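Asks: What follows is a single structure, and I will ask about it in a moment.
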Amino acid sequence: MTLKQRRIKITVGSVQVSATLNGCRTADLLWAALPITGSASTWGGEIYFRTPVSMPEEDANETFPMGAVAYWPPGQALCLFFGRTPASRGDEIRMASPGNLLGAIEGDPRVLKSVPSGAAVTVERA
């Protein structure tokens, strides 16, 4: 399996999505740390949760495409984007501060809208 084909399964509450990770160093560290469990927090159209990964900004961005899987360095958090956040301007999807793009959710990420804050999260290799 090449780096570009690394797939993960993310279970948040009763919702499950798959995603593909890119080849960045942060994605390498996340892949090596799997499986990860945690508790989901919501922030508008974003679900995030703390991980054991510690990584600084890496080609960081503040805006992300719908369905992005990203890493937020200040919170050591994995972020799943399915819509606008409180920091968004217009229709963009904006993180609270710059973060690292790790990959993309396969399919429609809006299925995550039903996930409540506090839901159990498991991220594992698919």
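Asks: Among the listed residues GLU62, GLU124, GLU58, which satisfies the condition of being outside any strand (DSSP E or B), charged (D, E, K, R), modelled with pLDDT of 95 or more and in contact with a Lys or Arg (Cβ under 8 Å, 6 or more places away or on another chain)?
Replies: Details: GLU62 fails: outside any strand (DSSP E or B); GLU124 fails: outside any strand (DSSP E or B).
One residue alone meets the criteria, GLU58.
Asks: Turning to a different aspect of this structure: So, ALA19, is that one in contact with a strand residue (DSSP E or B) (Cβ under 8 Å, 6 or more places away or on another chain), in contact (Cβ under 8 Å) with a residue 40 or more places away in the chain and outside any strand (DSSP E or B) or not?
Replies: Numbers: in contact with a strand residue (DSSP E or B) (Cβ under 8 Å, 6 or more places away or on another chain): yes; in contact (Cβ under 8 Å) with a residue 40 or more places away in the chain: yes; outside any strand (DSSP E or B): no.
Answer is no for this residue.
Asks: Right, another one. For segment 80-126, what are the residues that are buried (at least 18 other Cβ atoms within 10 Å of the Cβ) and closer than 13 Å to THR11 by Cα?
Replies: Across segment 80-126, the qualifying residues are LEU80, ILE105, PRO109, LEU112, VAL115, ALA119, VAL121, VAL123.
Asks: If I ask for residues that are surrounded by 14 or more Cβ atoms within 10 Å (Cβ to Cβ) and either over 15 Å from SER97 (Cβ atoms) or of a type in the set (Phe, Trp, Tyr) (or both), which ones from segment 45-64 would you list?
Replies: Scanning segment 45-64 gives GLY45, ILE47, TYR48, PHE49, ARG50, THR51, VAL53, PHE64.
Asks: It is to be established whether one or more residues within segment 33-41 are touching a Lys or Arg at 6+ places or on another chain (Cβ under 7 Å), at pLDDT 95 or above and farther than 20 Å from ILE8 by Cα. Let's see the steps before the verdict.
Replies: First pass over segment 33-41, keeping only residues touching a Lys or Arg at 6+ places or on another chain (Cβ under 7 Å): 34, 38.
Next cut, at pLDDT 95 or above only: 34, 38.
Now restrict to residues that are farther than 20 Å from ILE8 by Cα: none.
Scanning segment 33-41 turns up no residue that is touching a Lys or Arg at 6+ places or on another chain (Cβ under 7 Å), at pLDDT 95 or above and farther than 20 Å from ILE8 by Cα.
Asks: Where the second residue is at pLDDT 95 or above and crowded, with 16+ Cβ neighbours inside 10 Å and the first is farther than 21 Å from SER39 by Cβ and among the polar types (S, T, N, Q) and lies in segment 75-97, which pairs have Cβ atoms under 6 Å and are six or more apart or on separate chains?
Replies: Short answer, once both residue conditions are applied: SER88/ARG94.
Asks: Additional query: Can you find a residue that is part of a loop (DSSP other than H, G, I, E, B) and under 18 Å from GLN16 (Cα atoms) anywhere in segment 77-93? Write out each step before concluding.
Replies: To start, the set of residues in segment 77-93 that are part of a loop (DSSP other than H, G, I, E, B) comprises 82-92.
Those still in the list that are under 18 Å from GLN16 (Cα atoms) too: 82-83.
Within segment 77-93, one or more residues are part of a loop (DSSP other than H, G, I, E, B) and under 18 Å from GLN16 (Cα atoms).
Asks: Just a yes or no: is a residue in segment 66-84 in contact with a Cys (Cβ under 8 Å, 6 or more places away or on another chain) and not aliphatic (A, V, I, L, M)?
Replies: yes
Asks: For segment 22-48, which positions are in contact with a strand residue (DSSP E or B) (Cβ under 6 Å, 6 or more places away or on another chain), in contact (Cβ under 8 Å) with a residue 40 or more places away in the chain, part of a strand (DSSP E or B) and not small (Gly, Ala, Ser)?
Replies: ILE36, THR37, GLU46, ILE47
Asks: Listed residues GLY38, GLY67; which is within 21 Å of ASN22 (Cβ to Cβ) and crowded, with 17+ Cβ neighbours inside 10 Å? Talk me through it step by step, then tell me what you get.
Replies: Numbers: GLY38 fails: within 21 Å of ASN22 (Cβ to Cβ).
Only one candidate qualifies: GLY67.
The values are calculated or read from the model by the stated rules, or taken from the named source; none is laboratory data. Here the structure is a predicted model, which means the values were calculated and not measured. We place every Cβ from the backbone using ideal geometry, glycine too, and count neighbours over all the protein chains shown.
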